[in-house]
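The values are calculated or read from the model by the stated rules, or taken from the named source; none is laboratory data. Owing to the predicted nature of the structure, the values given are computational and were not obtained by experimental measurement. Note: ideal-geometry Cβ built from the backbone for every residue, glycine included; neighbour counts use all protein chains shown.
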Amino acid sequence: MLNVLLFVNDRLVPKAARAHLREVYDRADYYGSRLRLGRDIFTQIEIETNTDCNRKCRICPRHKNEREVGVMPAELFEALLGQLQDIDFRGRVSPVFYNEPLLDDRLVTLMRATRTRLPRCSIVVFTNGSLLTPQNIEALVDAGVDTLLVSQYQQNLRADAATWAAAVQDLPLSYRRHVRYRILGDEDPLSTSGGLVPVRVPVTRSRCMQASLSCVVDFRGNVVLCCNDYFGDHVLGNVGTEHVVDIWNRPAFVELRKQLRHGDFRREICQACAQGTLRPPQSK
Ligand SMILES: C[S@@+](CC[C@H](N)C(=O)[O-])C[C@H]1O[C@@H](n2cnc3c(N)ncnc32)[C@H](O)[C@@H]1O
Ligand code: SF4
Ligand code: SF4
């Protein structure tokens, strides 16, 4: 489904309409899954397996804000997989936050463990593509990764495009079909990442489905508000001490997601995100 959406979005939808299409898709995804599963549960989980990155893209908060270097302990990752297994999780799993997952030399092992524990889930690895090789693409696909989504930025193309091309050009189609590629530029509608990044064409939103669709777990095991919570200022619980479903079902979190789905943006980060504006510089 992700591949179909990406294909349509990248090739057939005009740039200006992409964010609106995404909003419609997100609403359909949330209400559809609620009907299908009979409960309010995330359909995507993003796990910060490592924090490091080898780029400072202008469109990303990393450009101006350092991030502590660290990795999620393997036992914590395993414990989280166990929690997802408890609910027979079949949505999307991605080793992502503001990191480059291919810098983590455990990536193949972690993805294989994910596939073993969650045979029906969809595994999508977001990457800047700079470290891809034919060998690691094959190893990741063999480990159970469904899609490698390569995003490159205009400013990095000179450094990364050749690497990327060399990685895929001789791959058999059976592997290459798992790799998707997109270039993001300053003219693309992009998120301000909760008011941290001065993008040229900011995405706005009237409602937020993001926090209802996606559970984001940082490398310490903290469940944070959403993928825009770069500093982890909005922690809802920790999967090292509580089950992820109990965190998700906590009344205050349920109420917060409901407010967001109805366009009630009380937090500063959400106001900036929804309006496509910037927040005052952070002191961290
Ligand atoms: C933060 S990156 C981390 C993974 C990897 N380092 C990468 O760049 O693909 C995760 C995803 O966010 C996207 N992204 C980064 N900055 C963005 C922005 N300002 N608006 C929308 N998407 C953004 C990237 O293209 C990527 O698909
Ligand atoms: S967008 Fe990805 S590659 Fe670029 S700085 Fe952010 S995390 Fe790193
Ligand atoms: S509105 Fe708030 S919760 Fe929703 S994506 Fe933006 S920052 Fe995250």
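When the residues of the range 16-55 are narrowed to those that are part of a loop (DSSP other than H, G, I, E, B) and away from ligand 2 (no atom under 16 Å from the Cβ), which ends up surrounded by the fewest Cβ atoms within 10 Å (Cβ to Cβ)? Step through it out loud before you land on a result.
Residues of the range 16-55 that are part of a loop (DSSP other than H, G, I, E, B), as a first pass: 38-43, 48-49, 51-55.
From the residues that got through so far, the ones that are away from ligand 2 (no atom under 16 Å from the Cβ) too are 38-43.
On the way: Gly38: 8, Arg39: 11, Asp40: 15, Ile41: 18, Phe42: 24, Thr43: 21.
Filtering first and then ranking leaves Gly38.
So Val224 passes all but one of these: (1) in contact with a strand residue (DSSP E or B) (Cβ under 6 Å, 6 or more places away or on another chain); (2) crowded, with 19+ Cβ neighbours inside 10 Å; (3) farther than 25 Å from Leu190 by Cβ. Which condition number does it fail?
It fails just one condition, (3).
Would you say Arg177 is near ligand 1 (Cβ under 10 Å from one of its atoms) and surrounded by fewer than 18 Cβ atoms within 10 Å (Cβ to Cβ)?
no
With the structure loaded, tell me whether Ala166 is surrounded by fewer than 17 Cβ atoms within 10 Å (Cβ to Cβ) and either within 14 Å of Arg55 (Cβ to Cβ) or within 16 Å of ligand 3 (Cβ to nearest atom) (or both) or whether it fails that test. Step through it out loud before you land on a result.
Working: surrounded by fewer than 17 Cβ atoms within 10 Å (Cβ to Cβ): yes; either within 14 Å of Arg55 (Cβ to Cβ) or within 16 Å of ligand 3 (Cβ to nearest atom) (or both): no.
Answer is no for this residue.
Considering the range 113-135 alone, what residues qualify as being closer than 14 Å to Arg176 by Cβ and either buried (at least 16 other Cβ atoms within 10 Å of the Cβ) or in contact with a Phe, Trp or Tyr (Cβ under 9 Å, 6 or more places away or on another chain) (or both)?
Gly129, Leu132, Pro134
When you scan the range 233-242, do you find a residue that is within 17 Å of Arg67 (Cα to Cα), within 16 Å of ligand 2 (Cβ to nearest atom) and either assigned to a helix (DSSP H, G or I) or at pLDDT 95 or above (or both), even just one?
no
For Tyr98, all conditions in the list (1) more than 10 Å from ligand 2 (Cβ to nearest atom); (2) closer than 17 Å to Val216 by Cβ hold save one; what is the number of the exception?
(1) is the only condition that Tyr98 fails.
Determine if the range 64-71 includes at least one residue that is polar (S, T, N, Q), within 16 Å of ligand 3 (Cβ to nearest atom) and within 18 Å of the chain's Cα centre (by Cα). Before the answer, list the steps.
Of the range 64-71, the ones polar (S, T, N, Q) are 65.
Filter once more, so that each one left must be within 16 Å of ligand 3 (Cβ to nearest atom): 65.
Filter again for within 18 Å of the chain's Cα centre (by Cα), leaving none.
Within the range 64-71, not a single residue is polar (S, T, N, Q), within 16 Å of ligand 3 (Cβ to nearest atom) and within 18 Å of the chain's Cα centre (by Cα).
Quick one: how many residues across the range 69-96 are within 16 Å of ligand 1 (Cβ to nearest atom) and more than 29 Å from Gly32 (Cβ to Cβ)? I'd like the intermediate steps shown before the answer.
Step one: filter the range 69-96 for residues within 16 Å of ligand 1 (Cβ to nearest atom), giving 69-72, 92-96.
Filter once more, so that each one left must be more than 29 Å from Gly32 (Cβ to Cβ): 69-72.
Residues in the range 69-96 being within 16 Å of ligand 1 (Cβ to nearest atom) and more than 29 Å from Gly32 (Cβ to Cβ): 4 in total.
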